[in-house]
Structures are given as structure tokens and as C-alpha cells.
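Visitor: I'd like to ask you about the structure that follows.
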Amino acid sequence: MSDVAKRNAAEAALKLVEPGMILGLGTGSTAAIFVKLLAEKVKAGLSITGTPTSEATDKLARSLGIRIVSPDELSRIDLTIDGADEFDPKLNLIKGGGAALLREKIIAEASDRMVVITDPTKQVQVLGKFPLPVEINSFGSELTRRRIHTRLDEIGLGDAKSSWRMATAESLLHTDGGHLILDLACGQIPDVAGLGALLDDLPGVVEHGLFIGYASQVIVGEDAGARIVGIS
């Protein structure tokens, strides 16, 4: 996705922001552009409050002068703007490429509305080409990994491969919450809700990157502008 397309998506999302809103601020390169554009509006007098989905977003927003509050201070959020790694015709998402899926889902669930900013390459008919991130507790992590594969085999996804997300060539990545990320390469996920329920039911799985029913709209940035995708 070009920087021009990212900016076009972010600019389109910025039009949804109204004075006084509490905004969930997403994580990733496109979300970062949105935060930077939002900061320009704040400097020009727009009054909003942001709550971040990651330490990186928190640091960026504060450095740009956006008023940030902890989610613990809130009971609800007006609008969250975030990216996605894939979305399907029902606006189900795969998220977690930036390893912030747990915090992103907490913020999305508390939001009256979630709008996704992304590019055409993320639009698919069936989720699964992008490996599904699963946030795992470090205790018994290999046992949890084996249990996931046992359950995947039971639902016809026995060919799925998994790998631990690495921070460097020699060290595992740890999320802001101190957990591990297991990336599941499924190829296709024909039953998104079924896989989500399976993962929700497994001890050791902290969260997964299937965002089912969260997004109300996807703004697809292109070099010539942006288009809106709704639920078909």
C-alpha cells in the first residue's frame, strides 16, 4: 500500500471525527498516519480525547499533543479507527499483524462504532491467506500450541501450520501484555465463527485475531482516493 493510499484512507476516516468524541486509536502504519492527521486537527482547535490500542500508539499520540486517557477511565468509546490485515464481504477481520490484537479488541468491543482503514490487497472473499495471530500465555505455551492443532484437526483444518512470532532471529516477540504470538497459517478459514469459538474455549489462548462483527465500515485507500465498503 502506497503512502498516498494510506493517507487517503486516513483522511476519509478523519471526516468521521466530531468535536468532543472519545476516539479509540489503532495500531499500525495506516493508523499512525491517521493519528498524525488527527494531531493536526487538534492543534487547529479540535477537542477530542484518545485512548490507545498499544504502547506505540500511546507514545505517538502523546508526542503529538493529543489528549490521551487510559481505557480504565472510560465506560464507552464513540469511535475507533484501526487497520486490518484482511477483511471479507461480511467485514469480518483478521488483525494482529502488529501484535496488538488483545488491546485492539478490548477497545473495539467498547466502541459504539469501529471503522477500518486499509488497502485493496486486504480485501478477500474468504479469510485465512494472512496467518491468523493468536495471543498465547507463556505458561505451557507449547502445550497450548499442540492443543490448538488437535482441535484444528477436529474441524478440518489439520493442514494448518503454526509458528511463533519472533522479535529477532533468536528471541520470541512479547506483546505489550507480555504474551506470545502464535501465527496460524490456515490458507482459508471457511467457518470464521466456528474457529473463533474453538480458540475462545482453549485455556492458554489469551485472544485471537478474528474480529467478528466489530467493523461497521471499511475505508479502502487507493492512490486516486478512497472508497467505502459496507456489509453486503
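Readers should treat all values here as calculations from the given coordinates under stated rules, not as data from a laboratory. Computed from a prediction, not measured in an experiment: that's the story for all the values here. As a convention, Cβ positions derive from the backbone with ideal geometry for all residues, glycine included, and neighbour counts pool all protein chains shown.
Visitor: Arg145: net charge of surrounding residues, Cβ under 15 Å, Lys/Arg +1, Asp/Glu -1, itself excluded? Display every interim value, and only then the final one.
Guide: Details: positive: Arg146, Arg147, Arg151, Lys161, Arg165; negative: Glu135, Glu142, Asp153, Asp183.
Residues near Arg145 contribute +1 overall.
Visitor: Right, another one. Extent of region 132-204 along each principal axis, from alpha carbon coordinates, in Å, largest to smallest?
Guide: 32, 23, 19
Visitor: When the chain is fully extended, how far beyond the present Cα-Cα distance does Ala224 get from Ala185, taking 0.36 nm per residue of separation? Please report the intermediate quantities before stating the final value.
Guide: Working: separation 39, 0.36 × 39 = 14.04 nm, distance 3.26 nm.
Roughly 10.8 nm would be gained on extension.
Visitor: Now a separate question. When we measure straight from the Cα of Lys6, which lysines land under 28 angstrom away, once same-chain ones fewer than 8 places off are left out?
Guide: Lys15, Lys36, Lys41, Lys43, Lys59, Lys90, Lys95, Lys105, Lys122, Lys129
Visitor: Follow-up question, since we're still on this one. Enumerate by residue number the GluC sites (Glu not before Pro) in region 93-175 meeting two conditions: DSSP loop (anything except H, G, I, E, B), and at most 13 other Cβ atoms within 10 Å of the site's Cβ.
Guide: Numbers: sites: Glu104, Glu109, Glu135, Glu142, Glu154, Glu170; in loops: Glu170.
When the GluC sites (Glu not before Pro) of region 93-175 are filtered for loop state and at most 13 Cβ neighbours within 10 Å, Glu170 remain.
Visitor: Using DSSP to call loops (not H, G, I, E or B), can you name the trypsin sites (Lys or Arg not before Pro) in region 1-92 whose Cβ has at most 14 other Cβ atoms within 10 angstrom? Write out the running numbers ahead of the final one.
Guide: Values: sites: Lys6, Arg7, Lys15, Lys36, Lys41, Lys43, Lys59, Arg62, Arg67, Arg76, Lys90; in loops: Lys15, Arg67, Arg76, Lys90.
Here the sparse-neighbourhood loop sites are Lys15, Arg67, Arg76, Lys90.
Visitor: May I ask what percent, to the nearest 5, of DSSP beta bridges between residues of the chain are antiparallel? Mind showing how you got there, number by number?
Guide: Working: 22 of 40 bridges.
Rounded to the nearest five, the antiparallel share is 55 percent.
Visitor: What FRET efficiency comes out for the pair Glu40/Ser2, r = Cβ-Cβ distance, R0 = 25 Å, nearest 0.05? Kindly include the intermediate steps, with their values, before the conclusion.
Guide: Values: r = 20 Å, r/R0 = 0.82.
About 0.75, to the nearest 0.05.
Visitor: Quick one: what are the phi-derived ³J(HN,Hα) couplings along region 93-98, Karplus 6.51/-1.76/1.60 with θ = phi - 60°, whole Hz, x for glycine and proline?
Guide: Per-residue couplings from phi come out as 10, 10, 10, x, x, x Hz.
Visitor: For the chain, what does -39500 (n - 2.57) per DSSP helix run (n ≥ 4), summed and divided by total residues, give at 222 nm, in deg cm²/dmol to the nearest 500? Write out the running numbers ahead of the final one.
Guide: Numbers: 6 runs with 68 residues, N = 232.
After summing the helix terms and dividing by the residues of the chain, the value is -9000 deg cm²/dmol.
Visitor: Could you give the length gained on full extension between His174 and Ser138, defined as 0.36 nm per residue of separation minus the Cα-Cα distance, in nm? Before the final figure, lay out each step's value.
Guide: Working: separation 36, 0.36 × 36 = 12.96 nm, distance 0.92 nm.
Going from the current span to full extension adds 12.0 nm.
Visitor: How high is the relative contact order of region 157-232? Use alpha-carbon pairs under 8 Å, at least six apart in sequence, and give a whole percent. Walk me through the numbers before you get to the answer.
Guide: Numbers: 66 pairs, mean separation 13.8, N = 76.
Worked out over region 157-232, it gives 18 percent.
Visitor: Going highest first, how would you order 191-199, 155-163 by mean Cβ packing within 10 Å?
Guide: On the way: 191-199: 16.8, 155-163: 14.0.
Packing order, densest peptide first, comes out as 191-199, 155-163.
Visitor: Right, next: Could you give the length gained on full extension between Arg147 and Asp72, defined as 0.36 nm per residue of separation minus the Cα-Cα distance, in nm? Provide the component values of the computation, followed by the final result.
Guide: Working: separation 75, 0.36 × 75 = 27.00 nm, distance 3.31 nm.
Once the chain is fully extended between Arg147 and Asp72, it gains 23.7 nm.
Visitor: Another question, then. Quick one: of the DSSP bridges fully inside region 132-204, what percent are antiparallel, nearest 5? Numbers along the way, then the final one.
Guide: Working: 10 of 10 bridges.
Close to 100 percent.
Visitor: Hey, another quick one. Based on DSSP, what percent of beta bridges with both residues in region 67-199 are antiparallel, to the nearest 5? Don't jump to the answer; show the numbers that get you there.
Guide: Values: 12 of 17 bridges.
The antiparallel proportion sits near 70 percent.
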